[in-house]
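Here the structure is laid out as structure tokens; the discussion comes afterwards.
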Amino acid sequence: YKLTLKELLDEREQSVNWLKSLDNPDWGLFFEHPKIGRMNAGYYVQNWLAHDYLHIRQINRLKYEFHREQSDSDLDFAGKW
């Protein structure tokens with residue numbers, strides 16, 4: 001788990017550093033995806049961030065499920081997943 005999380009965070013840091021290095025990017029630039037159609041840079045970056053959030057959600061779900069399996073306590077008070 002720790003290695004995978006470190007790899008994810010390292011990749012994310014590299015991505016953020018690359019984005020910060022861009023000088024006045026034109027987020028309206030686009031290309032035609034063969035299935036989705038027109039995708040501009042802003043759309044791509046927004047979906048990139050959302051994709052990262054989905055990975056974080058997956059990690060949290062796995063951590064919660066592991067904790068639930070290892071715990072001898074009822075975890076309903078913590079809230080519904």
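Every number in this text was worked out from the coordinates using simple rules, so none of it is lab data. The structure displayed is predicted, hence computed values, not measured ones. With ideal geometry, Cβ positions are generated from the backbone for all residues, glycine too; neighbour counts draw on all protein chains shown.
The figures follow:
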quantity: Members of the stretch 16-53 found to be assigned to a loop (DSSP other than H, G, I, E, B), closer than 29 Å to residue 6 by Cα and among the hydrophobic types (A, V, I, L, M, F, W, C), listed by number; calculated: 22
quantity: The stretch 6-26, residues that are surrounded by 10 or more Cβ atoms within 10 Å (Cβ to Cβ) and either polar (S, T, N, Q) or free of Cβ contacts under 8 Å to residues at least 24 places away in the same chain (or both); calculated: 6, 7, 9, 10, 11, 13, 14, 15, 16, 22, 25, 26
quantity: Filter result (farther than 16 Å from residue 19 by Cα and either of a type in the set (Ser, Thr, Tyr) or in contact with a strand residue (DSSP E or B) (Cβ under 7 Å, 6 or more places away or on another chain) (or both)) within the stretch 35-74; calculated: 38, 39, 53, 64, 71, 73
quantity: Answer residue from the stretch 27-63, given it is under 11 Å from the mean Cα position of the chain (by Cα) and touching a residue at least 12 places away in the same chain (Cβ under 8 Å) and is farthest from residue 9 (Cα to Cα) among those; calculated: 48
